[in-house]
């Protein structure tokens with residue numbers, strides 16, 4: 001786990017405090033010039049992040065006239081951690097060394113003395129240490145940035161790979177829908193058309209016409225879904241226009257069962273609410289067709305005190321249902337859709353052997 005770094009302002013305050021302590025130890029209070037330069041150097045560290053070079057230049061007078069060099073070393077470290085100009089850093093190190101070696105106002109140097117050469121080497125090493133440390137920090141920061149970029153690139157590559165896999169799966173699904181499902185629905189439509197033409201019984205003709213109409217409608221929707229799946233990864237494809245309350249009458253007419261539609265709500269409800277009502281009625285009528293053959297149904301949609309209630313009730317079936325495949329996800333999906341809109345879906349048998357499904361939604365459609 002990476003240790004947590006202190007806040008920048010706190011770190012700056014600590015450096016200023018350390019510089020003031022250095023001034024208190026090395027500069028006498030009666031030396032006004034040296035004290036003033038040292039204080040300027042200490043408080044200039046507050047500018048070190050925004051103006052590192054200016055901060056270093058403001059600390060040089062204190063190095064020239066006194067032994068309070070902590071602020072200058074801190075400024076030199078900051079400059080080395082931000083700049084990439086090696087020549088500038090070399091000049092700054094040389095300047096610090098010269099200022100620290102000079103005993104102002106006396107500018108006399110004795111290079112022949114061994115002690116002077118030792119002091120020069122020590123001073124140059126003292127100035128070079130914060131520069132090396134600042135460059136190390138800069139290198140570490142650059143390395144962390146590169147690692148973050150590599151990690152981001154790896155995540156992006158992983159996302160692209162996942163999208164490519166998803167695109168292949170969608171393409172395979174589109175082929176299966178086109179080659180198998182669409183073909184079978186087309187055969188149903190053809191056979192229903194042939195039955196409609198050849199049958200003599202009026203009820204059989206009507207049933208065959210309904211089967212053919214629903215098959216053609218399903219085939220159109222399947223073809224559009226295939227085009228959407230095949231367009232995955234390319235330009236976005238518009239989905240089929242979403243149903244509204246205006247489409248309920250057509251849904252009831254094409255349901256293949258006897259349905260009475262009663263509604264007193266207007267068409268100005270939010271689209272999400274209208275879509276939820278439509279899908280609920282559609283699922284309920286589908287279940288009636290599958291599980292209660294020979295029955296009749298009633299669809300009631302009403303506005304009760306700001307809440308929209310949709311109820312689908314069917315009578316008891318007159319003959320046993322045919323065994324049809326089902327994933328039993330319809331009611332679960334309706335409940336999830338209603339929950340997203342802040343509503344509920346309940347269902348259960350009625351006293352006369354029928355079944356009833358209730359949807360309740362807030363009129364504004366907000367969760």
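The values are calculated or read from the model by the stated rules, or taken from the named source; none is laboratory data. Here the structure is a predicted model, which means the values were calculated and not measured. With ideal geometry, Cβ positions are generated from the backbone for all residues, glycine too; neighbour counts draw on all protein chains shown.
Of note:
- Test: residue in segment 70-85 that is more than 22 Å from residue 18 (Cβ to Cβ), in the same structural domain as residue 18 (by TED's automatic domain parsing) and either exposed (fewer than 15 other Cβ atoms within 10 Å of the Cβ) or over 47 Å from the mean Cα position of the chain (by Cα) (or both): yes
- Considering segment 265-299, and only residues there that are in a loop (DSSP other than H, G, I, E, B) and more than 41 Å from the chain's Cα centre (by Cα), the residue that is surrounded by the most Cβ atoms within 10 Å (Cβ to Cβ) turns out to be 292.
- Residue 57 vs. criteria farther than 20 Å from residue 102 by Cα and under 47 Å from the mean Cα position of the chain (by Cα): no
- Residue in segment 175-188 that is outside any helix (DSSP H, G or I) and surrounded by 12 or more Cβ atoms within 10 Å (Cβ to Cβ) present: no
- Among residues of segment 342-359 being touching a strand residue (DSSP E or B) at 6+ places or on another chain (Cβ under 9 Å), in a loop (DSSP other than H, G, I, E, B) and more than 14 Å from residue 310 (Cα to Cα), the one that is modelled with the lowest pLDDT is 342.
- Boolean, residue 100 is in the same structural domain as residue 137 (by TED's automatic domain parsing), modelled with pLDDT under 85, closer than 22 Å to residue 124 by Cβ and in a helix (DSSP H, G or I): yes
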